[in-house]
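Colleague: Handing you this structure, nothing more for now.
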Amino acid sequence: MKKIFKYKLNYTNFPEIVRLPKGAEVVDFGIQNKTVQLWALVNPDEEEEKRIFVLAFTGQEVEWEILKTYGTRIIEETGIVVHLLELVPSTKA
């Protein structure tokens, strides 16, 4: 049975590995309690796989091969704008 789970992302502009169950679908991302979170529809019984995400800042040089984009959010406390990107698996995190 699928469920929506939440995963914490580090607030950096460097790629990071997030372990998600195979077949997980990213639903959204946002800021909750001053922490960047990713919500995904997952089957928790599936084996985990490594997926690579990065929070890129507006104006930042993007040097990675992008698999998918998930949107843009403004960090209200700072006014910084971030964009969630999923990188191709061969990217080093």
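Colleague: Considering each of 78, 69 in turn, give the residue that is assigned to a loop (DSSP other than H, G, I, E, B) and either at pLDDT below 95 or of a type outside the set (Asp, Glu) (or both).
Modeller: 78
Colleague: While we're here: Under 8 Å between Cβ atoms, at least 6 apart or on separate chains: pull out the pairs that start in the stretch 65-93 with a residue that is closer than 16 Å to residue 15 by Cα and open to solvent by less than 60 Å² (accessible area, probe 1.4 Å) and end on any residue that is modelled with pLDDT under 90 and in a strand (DSSP E or B).
Modeller: Hits for this filter: 82/75.
Colleague: Sticking with this one: Any idea which of 60, 37 is part of a strand (DSSP E or B) and open to solvent by less than 90 Å² (accessible area, probe 1.4 Å)?
Modeller: Sole residue among the options that is part of a strand (DSSP E or B) and open to solvent by less than 90 Å² (accessible area, probe 1.4 Å): 37.
Colleague: Another question about this same structure. Among the residues of the stretch 40-57 satisfying the criterion of being open to solvent by 80 Å² or more (accessible area, probe 1.4 Å) and more than 15 Å from the chain's Cα centre (by Cα), which is farthest from residue 84 (Cα to Cα)?
Modeller: Within the stretch 40-57, the match that is farthest from residue 84 (Cα to Cα) is 45.
Colleague: Specify the residue that is nearest to residue 87 (Cα to Cα); the eligible residues are those in the stretch 8-28 that are open to solvent by 40 Å² or more (accessible area, probe 1.4 Å) and either in contact with a Lys or Arg (Cβ under 7 Å, 6 or more places away or on another chain) or of a type in the set (Ser, Thr, Tyr) (or both).
Modeller: Residue satisfying both the conditions and the ranking: 17.
Colleague: Could you give me the residue pairs with C-beta distances under 6 Å whose first residue belongs to the stretch 37-64 and is among the aromatic types (Phe, Trp, Tyr), whose second residue is outside any strand (DSSP E or B) wherever it lies, and which are 6+ apart or on separate chains?
Modeller: These pairs meet every condition: 57/13; 64/91.
Colleague: Name the pairs: first residue in the stretch 5-27 and under 19 Å from residue 72 (Cα atoms), second residue open to solvent by 50 Å² or more (accessible area, probe 1.4 Å) and modelled with pLDDT under 95, Cβ to Cβ under 7 Å, at least 6 apart or on different chains?
Modeller: Going by the 7 Å Cβ cut-off, the qualifying pairs are 13/57; 15/93; 16/10; 16/93.
Colleague: Going by the conditions given, is residue 31 in contact with a Lys or Arg (Cβ under 9 Å, 6 or more places away or on another chain), among the aliphatic types (A, V, I, L, M), open to solvent by 80 Å² or more (accessible area, probe 1.4 Å) and touching a residue at least 24 places away in the same chain (Cβ under 8 Å)?
Modeller: Numbers: in contact with a Lys or Arg (Cβ under 9 Å, 6 or more places away or on another chain): yes; among the aliphatic types (A, V, I, L, M): yes; open to solvent by 80 Å² or more (accessible area, probe 1.4 Å): no; touching a residue at least 24 places away in the same chain (Cβ under 8 Å): yes.
In short, no.
The values are calculated or read from the model by the stated rules, or taken from the named source; none is laboratory data. The structure displayed is predicted, hence computed values, not measured ones. Cβ atoms come from the backbone with ideal geometry, glycine included; neighbour counts cover every protein chain shown. Surface accessibility is based on the protein's heavy atoms, side chains included, excluding ligands, DNA and RNA. Shrake-Rupley method; radii C 1.70, N 1.55, O 1.52, S 1.80 Å.
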